[in-house]
Amino acid sequence: MISFEHITKWLQAWLNAHMSPILVLAVETVLIVILAIALFAVLGLVLVIMERRVAAFMQIRMGPNRVGPWGLLQSTADTVKLIMKESIVPTHADKFLFNLAPFIVMIAAMLILAPVNFAQRFHIWDLNIGILFITSISSISVIGILMGGWASSNKYSLLGAMRSGAQIVSYELSAGLSILTIIVLCGSLKVSDIIASQETGWWIFKGHIPAIVAFVIYLIAVTAETNRAPFDLAEAESELTAGFHSEYSGMRFALFFLAEYINIFIVCAVGATLFLGGWMPFHIGHLQGFNHVMDYIPSSIWFFGKTFFLIFVIMWFRWTFPRLRIDQLLNLEWKYLLPISMVNLLVMTVVAIYHLHF
Amino acid sequence: MYHINELLNSDNTLKPSFVAMKESDDYTINIGPQHPATHGVLHLVITLNGETIKKVDPDLGFIHRSIEKMCESLSYRQYIYVTSRMDYLSSHINNHACALLVEKALQVEVPERAQYIRVIMDELTRIASHLLWWGAMAMDMGAFTPYFYAFRERELLTEIMEDTCGARLTMNYMVPGGVMHDPHETFVHRVSKEFLPLLKSKLHEYEELVTGNIIFQNRVNGVGLLTYEDAISYGCSGPTARASGVHCDIRKLYPYDVYNKVQFEEVIETAGDSMARYMVRMNEIKQSISIIEQLINNIPEGDFQAKTKAVLKLPKGEFYQRVETARGELGVFVVSEGGTTPYRIKFRSPGFSNLSCLDHITKGSKIGDLVASMGTLDLVIPDIDR
Amino acid sequence: MDNEALKIQLTELLPSLTFEEGGEWLNVNVDPNDWKPFAAKLKASAELYFDYLFCLTCVDWKTHLTMVYHLSSTKHRHTIVVKCKLDITTPVVETVCDIWRTAEFHEREVFEMFGVEFKNHPDLRKLILPADWVGFPLRKDYEDPINMIKL
Amino acid sequence: MYIVDYIKEVASAVKSLATGMKLTGYYFTHPKEIITQEYPDNRATLKMADRFKGEVIMPHDENNEHACTGCTSCELACPNGSIKVITKFEVNAEGKKKKAVDQHIYHLDMCTMCNLCIEACPTDAIKMANTFEHSVPDRNMLIKRLNNNGSKIREGVE
């Protein structure tokens, strides 16, 4: 069976046979960059069309269905439109920061891609502090948002940026704590180790109630961290028109837009890795026959299936709930999520120390 | 942005009118005239301290068509159609007020059939208006989906209107002395057998999706508090005032047409906050359903229009007619000199008075609360501007 | 309270009142100088208790302007119409927006549409028209430079 | 107990959110509830309400005859001046001069479909058509002449 693992191994062997090691590294780097950017573009297009279709079906509409088969090319057409549009820079904007901001957000989103395991032994860089790397890099994107909001010299943008700053900084705490609950269980920050520790079952099933609580908190926190409704206060179009990206147009706006979707993909991928076993197939105890059937499904499909399920859940949130108010948003974090996740972490530590989990 | 010559005197000192602008530390934001939450061209200059609102200063007139001046050159048949453009969501009720005023002045006896049809149409309009308000208000709060659910029911309603009146929004169906056409032959069936059962079966969805939602409740509970005294002092009317406990339903206090023949409750809440205003409107939908149910199968046979002269001349004097629109009390004040056109006409629009309390009820709250308060005040901008 | 009882009550408050019958409600003519104290009494009096100003407008009679106040009581459910005759060249009347808050916006509207100046109004700016507008559109002598119907 | 209240509060909040998600989830899984009408595609089956007020027309019969006497009632009834009736004097068979319509000009761009002209017409010469696709490249194309070229008044209409 052809898997990503075979392809990469074959490529590595072929390159080594024909080139010097330094050249091999260079060629591989270029390949990875091209692949990462291609993945980004494809993910952006797929997620946008998915969001629009999900929203449409929940709202008893049809959604985009004119461009291409079932409207699948709609987001491509939108991208072409955005590229051709003029990117307006406001007169009083800080031009350097204004132009830099979307790239910071985008680069931050791209960097987090490195430790993610897309399939069995298929990843860019499986460093030993993978999860730490993800949590730290994901904090950078708030700088881009603050930068964009400040540099636009627009009061709506500034308000949106400040909201976003307060929001992301607070919600990183509970996201981090709920990630920690799983790290406590498997005892490693390396992404592949975390996945390997779930070979006998996913943490959400093995980890008792604390794992489920951590999973729910993680979902809420990352929804807030990616500025998605019901926590989209940084954009909040009925209050701040478009929040921090009010003044952005054309491709710069598209970069913000794309980064939002990539961030969703990444947090969902991390969630799938931590709680749903990454590319691990679904196994039930000792049902050998069932487990073999599950094993037959390629690992990449498992990974993307779980990730897209989580993305769907986040979209489901967005098209159901009203938006919170800024003080309620912070209340929710500091009065509910943070205490709960702290207690949860404590319980999970006890579980891990006494090996109470399955 | 001002040009430098507009700001400075010839000796490079700041012009007096801009001194205040420079010295003030206030962080002002222009909400509107083009803004998703104002549902029209309302311009609010809000002064902020962080996220907290210090002052809201409405600036109106972006859709002012001076309907009052226009009506001075229109005859008493023609001026009815203009009023559809004021509060376009309750256009039937606006037309009803104008028609009632002419009938009162000329002492025309309106056939009972026409009265029944008018009241049914008024209540259907009220339901349509409240449905749209419900969707739009949920959208202000950040929930997009309710808008489509509300429009699904409203769509059937506009189709029924279209069958009978020939238009979907600005119908111009009321004429002095009755209504313009007889209702379409499917009217009774579609209202009683199609629309009302559909709406009743969907009401629980509204409660599940929005009313019971914890996020929504936190957004509106205790927000935009308007006390009983303030509601009266600010001249608020309709659901806005009834949420503060004021008995102000014109249909109950000064019944017109067949409102004194139907049983319905005046929906009163006492909390005075956004949630109370929300609940008043949601319960008013149920009351409107009950009114329509009482009338729809009992429409008497007969004429739908009383005989009136081709050219209407109101006697000399002053006339005032008020009705309950979906937003509150609409007053039409006509000064007649005995001619074919009004000498002076004044529309006391509910939105104008309801808007005036916005500064008062949002002082000290957050921007999100401003949107919630505006949403539950149910502002329709052409109604405010006229 | 019916019109006759209202008349007696109102005359007690201000003897110089004149009444007009014929309309739906009792019409009361007040001198603009007496209006403000009279208005305060209308609201304060327990028997009258006119707490609801539901319509405030102005009528241009070419020779003079008339302010028209529609007052009602939410407790006793009686209604009167108060009228103040103003000079057309310098129309000035005391504001009532500290008695009925709704008057603030309505008076601003009358100010820009009829040019009536409200003394002691806290914020007498143009509300609907642009700040640089010249003329009072709802006066009878106002000619619209662009008239759609006559075009 | 504070803790119990706290947990109850959280539980009821989660429940209220779950009911909302159940509803949107229901519509997501039931595409049959979709109410969208795909307008240009359904033009063939689209039926407007027969009273729909789209534009004013003057019906002509097969002899190119209409019922308009040129009385200008509609012009007077129109609140926005969107009708202009230009009359002429025709000499009939007995040699008498008679007022008749020369051009019945209708400004669709100014019309608000209020139906007052139709109500005012004493001979039912004009009526509302339920067409609605009025978009044209130039505004002047919305100024229409309602009576056909060479048409004349039907016999017997006074």
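Numbers at a glance
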| item | result |
| --- | --- |
| Helices (runs of 4 or more DSSP H) contained entirely in region B:145-253, each with at least 1 residues that are closer than 30 Å to B:Glu109 by Cβ and not hydroxyl-bearing (Ser, Thr, Tyr) | B:145-165, B:238-242, B:250-253 |
| Residue list for region A:319-334, restricted to those being more than 7 Å from chain B (Cβ to nearest Cβ) and either closer than 20 Å to B:Val220 by Cβ or without any contact (Cβ under 8 Å) to a residue 24 or more places away in the chain (or both) | A:Leu329, A:Leu330, A:Asn331, A:Leu332 |
| Test: residue in region A:306-314 that is touching a strand residue (DSSP E or B) at 6+ places or on another chain (Cβ under 9 Å), surrounded by 13 or more Cβ atoms within 10 Å (Cβ to Cβ), polar (S, T, N, Q) and farther than 15 Å from A:Ala214 by Cα | no |
| Those residues of region B:89-148 which are under 26 Å from B:Val334 (Cα atoms) and either among the basic types (Lys, Arg) or not assigned by TED's automatic domain parsing to the domain that holds B:Tyr259 (or both), in sequence order | B:Lys104, B:Arg118, B:Arg126 |
| Test for A:Trp316: is it modelled with pLDDT of 75 or more, touching a helix residue (DSSP H, G or I) at 6+ places or on another chain (Cβ under 8 Å) and more than 29 Å from A:Ser170 (Cα to Cα) | no |
| Condition broken by A:His286, with the remaining ones in (1) assigned to a helix (DSSP H, G or I); (2) farther than 29 Å from A:Ala175 by Cα satisfied | (1) |
| Identity of the residue in region B:179-193, within 14 Å of chain D (Cβ to nearest Cβ) and not hydrophobic (A, V, I, L, M, F, W, C), that ends up surrounded by the most Cβ atoms within 10 Å (Cβ to Cβ) | B:Pro183 |
| Whichever residue in region D:71-109 is hydroxyl-bearing (Ser, Thr, Tyr) and not in a helix (DSSP H, G or I) and, among such residues, is farthest from B:Leu74 (Cα to Cα) | D:Thr87 |
| Among (1) without any contact (Cβ under 8 Å) to a residue 40 or more places away in the chain; (2) under 20 Å from B:Val335 (Cα atoms), the one test that C:Thr90 misses | (2) |
| Some residue of region C:104-122 being surrounded by fewer than 21 Cβ atoms within 10 Å (Cβ to Cβ) and within 11 Å of another protein chain (Cβ to nearest Cβ) | no |
| Qualifying residues in region C:36-53 (those that are crowded, with 22+ Cβ neighbours inside 10 Å and facing chain B (nearest Cβ under 8 Å)) - the one farthest from the chain's Cα centre (by Cα) | C:Tyr52 |
| Residue list for region B:207-232, restricted to those being within 13 Å of chain C (Cβ to nearest Cβ) and surrounded by 24 or more Cβ atoms within 10 Å (Cβ to Cβ) | B:Leu226, B:Ala231, B:Ile232 |
| Failed condition for D:Thr112, given (1) of a type in the set (S, T, N, Q); (2) in a strand (DSSP E or B); (3) within 13 Å of the chain's Cα centre (by Cα) | (2) |
| Selection status of C:Lys43, in contact with a strand residue (DSSP E or B) (Cβ under 7 Å, 6 or more places away or on another chain), under 24 Å from C:Glu104 (Cβ atoms) and outside any strand (DSSP E or B) | no |
| Residue in region C:53-70 that is touching a Phe, Trp or Tyr at 6+ places or on another chain (Cβ under 6 Å) and over 24 Å from C:Leu138 (Cβ atoms) present | no |
| Among residues of region D:1-60, those that are surrounded by 13 or more Cβ atoms within 10 Å (Cβ to Cβ), away from chain B (no Cβ under 11 Å) and more than 40 Å from the chain's Cα centre (by Cα), counted | 1 |
| First in region A:48-60 and of a type in the set (Phe, Trp, Tyr), second anywhere and surrounded by 21 or more Cβ atoms within 10 Å (Cβ to Cβ), Cβ under 6 Å, 6 or more apart | A:Phe57/D:Phe28 |
| B:Ser349 surrounded by 24 or more Cβ atoms within 10 Å (Cβ to Cβ), of a type in the set (S, T, N, Q) and either in the same structural domain as B:Leu101 (by TED's automatic domain parsing) or at pLDDT 90 or above (or both) | yes |
| All positions within region B:323-345 that are facing chain C (nearest Cβ under 10 Å), part of a strand (DSSP E or B) and surrounded by fewer than 24 Cβ atoms within 10 Å (Cβ to Cβ) | B:Gly331, B:Phe333, B:Val335, B:Arg344 |
| Unique match (being assigned to a helix (DSSP H, G or I), at pLDDT below 85 and within 19 Å of A:Trp150 (Cα to Cα)) among A:Glu239, A:Glu247, A:Glu235 | A:Glu239 |
| Flag if C:Leu86 is part of a strand (DSSP E or B), within 25 Å of C:Ala40 (Cβ to Cβ) and of a type outside the set (S, T, N, Q) | yes |
| Inter-residue pairs, beta-carbon under 9 Å, first assigned by TED's automatic domain parsing to the domain that holds D:Lys144 and on the phi > 0 side of the Ramachandran plot and in region D:80-99, second modelled with pLDDT under 80 and not aromatic (Phe, Trp, Tyr), 6+ apart | D:Gly81/C:Met148; D:Gly81/C:Ile149; D:Gly81/C:Lys150; D:Gly81/C:Leu151 |
| Residue in region C:17-33 that is assigned to a loop (DSSP other than H, G, I, E, B), away from chain B (no Cβ under 12 Å), in contact with a helix residue (DSSP H, G or I) (Cβ under 8 Å, 6 or more places away or on another chain) and not β-branched (Val, Ile, Thr) present | yes |
| Test: A:Ala272 is in the same structural domain as A:Gln198 (by TED's automatic domain parsing), buried (at least 23 other Cβ atoms within 10 Å of the Cβ) and either touching an Asp or Glu at 6+ places or on another chain (Cβ under 6 Å) or over 19 Å from A:Phe215 (Cβ atoms) (or both) | no |
| Region A:164-204, subset of a type in the set (S, T, N, Q) and outside any helix (DSSP H, G or I), residue surrounded by the fewest Cβ atoms within 10 Å (Cβ to Cβ) | A:Thr200 |
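The values are calculated or read from the model by the stated rules, or taken from the named source; none is laboratory data. Given the structure is predicted, the values throughout are model-derived calculations rather than measurements. Cβ atoms come from the backbone with ideal geometry, glycine included; neighbour counts cover every protein chain shown.
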